[in-house]
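Here the structure is laid out as structure tokens; the discussion comes afterwards.
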Amino acid sequence: MKTLGETILSVRNLSTVFDTEYGVVKAVDGVSFDLRRGETLGIVGESGSGKSVTNLSLLRLVPEPPGRIASGEILFKGRNLLEGDEEDMRLVRGSNISMIFQDPMTSLNPLLRVSLQIAEALQLHHGLDRKAAERKAVELLTSIGIPDAETRAYEYPHQYSGGMRQRAMIAMAISCGPDILIADEPTTALDVTIQAQILELIKSLSAEKTMSVIMITHDLGVVAGICDTICVMYAGRIVEKAPVDELFADPRHPYTRGLLDSVPRVDLAGGRRRLYSIPGSPPDLVDLPPGCPFRPRCDKAMEICGQKAPPEVGFEDRTVVCWLHAQEGKIS
Ligand code: SF4
């Protein structure tokens, strides 16, 4: 089992809202989690569950207006990132916490050679001159498996394949040796073979550099092989948090169970004919139902579920927010 280091990020009661003409959208609603050095944390949920907004909030990249971080703390190495000014955040982004996105084509500048785009962060954060920064860019591209990097570094993003562009984004993200890499659906736009290679690359970089990773995905198959801990999000809240093996072996929240049942399993071939699909759709975040937001879709709902918000129930190393387990663990 992997040995994890000290806690480097503590998110406490984070709430991020969007002011819209229809009302206040609570995209992230009281989210708390810790991230330890070297840990890979998966944040899983359907579209609109709040996973991407949570991570944009960590870097204070939520567009204001209409968005705003309404409350909470983001403690990075003990310092609350919500208290610093924009200049403080500019130094944190890329240098301490960096991010890669789903579609590198929209994140890479089509008019700049790849080497220059990687060099930019090295010039800004490490004070290298342009030549030295570009040399370092070539080294980085070589280290993440770009063939013939000496030549290819000086090409434009459109000359790269999808997998190479994602590798270039990763090179850019790790160029300054961040403590945390946030990967937002990093493999969704790639075919399965390249997807596996990119996940393997992130995993090996995390181990080699003792870098923590936050992996955002809607795909439980992605988190199974790479994450240590999983947070399942629904309607802007974390509804279950557990070590990856425990979550797969014994999912406790009905939503987690539904997500797992909707993943194709080769080991069950012939045993299950149809994939499960969670009935209904995610709730309107402007007008959540009373009690548990998952109640309209839950096949285990009880009377109390429509009356009171479920408590967070803590077990030894996991939590679940559901009335079904209120008698079993410690209510916080
Ligand atoms: Fe289902 Fe009730 Fe648990 Fe919500 S609290 S997930 S409605 S059983």
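The values are calculated or read from the model by the stated rules, or taken from the named source; none is laboratory data. The shown structure was predicted, so the numbers you read here are calculated from the model rather than taken from an experiment. Cβ placement follows ideal geometry from the backbone for every residue including glycine, while neighbour counts extend to all protein chains displayed. Protein only, heavy atoms only, side chains kept; ligands, DNA and RNA dropped before computing areas. Shrake-Rupley method; radii C 1.70, N 1.55, O 1.52, S 1.80 Å.
In the stretch 119-219, counting only helices (runs of 4 or more DSSP H) that sit wholly within it, the ones holding 2 or more residues that are closer than 23 Å to ARG36 by Cβ span 162-174, 192-209.
Filtered by the rule that a residue be assigned to a loop (DSSP other than H, G, I, E, B), surrounded by 17 or more Cβ atoms within 10 Å (Cβ to Cβ) and in contact with a helix residue (DSSP H, G or I) (Cβ under 7 Å, 6 or more places away or on another chain), the stretch 88-117 gives GLY94, SER95, PHE101, LEU108. If you filter the stretch 317-332 down to residues that are assigned to a strand (DSSP E or B) and surrounded by fewer than 13 Cβ atoms within 10 Å (Cβ to Cβ), you find that the one that is farthest from the ligand (Cβ to nearest atom) is LYS330. Consider the stretch 218-240 and keep the residues that are of a type in the set (D, E, K, R) and away from the ligand (no atom under 15 Å from the Cβ). The one that is surrounded by the fewest Cβ atoms within 10 Å (Cβ to Cβ) is ASP219.
Selection within the stretch 241-257: residues that are in contact (Cβ under 8 Å) with a residue 60 or more places away in the chain and in a loop (DSSP other than H, G, I, E, B). The member of this set that is nearest to the ligand (Cβ to nearest atom) is HIS253. Report yes if ASP284 is under 15 Å from VAL320 (Cβ atoms), open to solvent by 20 Å² or more (accessible area, probe 1.4 Å) and away from the ligand (no atom under 11 Å from the Cβ), otherwise no. Considered against the rule, which asks whether it is under 15 Å from VAL320 (Cβ atoms), open to solvent by 20 Å² or more (accessible area, probe 1.4 Å) and away from the ligand (no atom under 11 Å from the Cβ), ASP284 comes out as no. Restricting GLY314, GLY306, GLY291 to those that are at pLDDT 90 or above, near the ligand (Cβ under 10 Å from one of its atoms) and surrounded by fewer than 17 Cβ atoms within 10 Å (Cβ to Cβ) reduces the list to GLY306. Cβ separations smaller than 6 Å between residues 6+ apart or across chains give the following pairs from the stretch 115-127 residues that are touching a residue at least 24 places away in the same chain (Cβ under 8 Å) to residues that are buried (at least 23 other Cβ atoms within 10 Å of the Cβ): SER115/ALA137; SER115/ALA153; ILE118/ALA137; ILE118/ALA171; ILE118/MET172; ILE118/SER175; ALA121/SER175; LEU122/SER175. Here VAL192 meets the list (1) within 22 Å of LEU4 (Cβ to Cβ); (2) modelled with pLDDT under 95 almost entirely, failing just condition (1). One residue stands out among those in the stretch 33-54 that are β-branched (Val, Ile, Thr) and outside any strand (DSSP E or B): the one that is surrounded by the fewest Cβ atoms within 10 Å (Cβ to Cβ), which is VAL53. The residues in the stretch 132-160 that are under 28 Å from the mean Cα position of the chain (by Cα), small (Gly, Ala, Ser) and surrounded by fewer than 20 Cβ atoms within 10 Å (Cβ to Cβ) can be counted, and the count is 2. The listed residues are VAL263, VAL286, and the only one of them that is at pLDDT below 95, within 30 Å of LEU4 (Cβ to Cβ) and in a loop (DSSP other than H, G, I, E, B) turns out to be VAL263.
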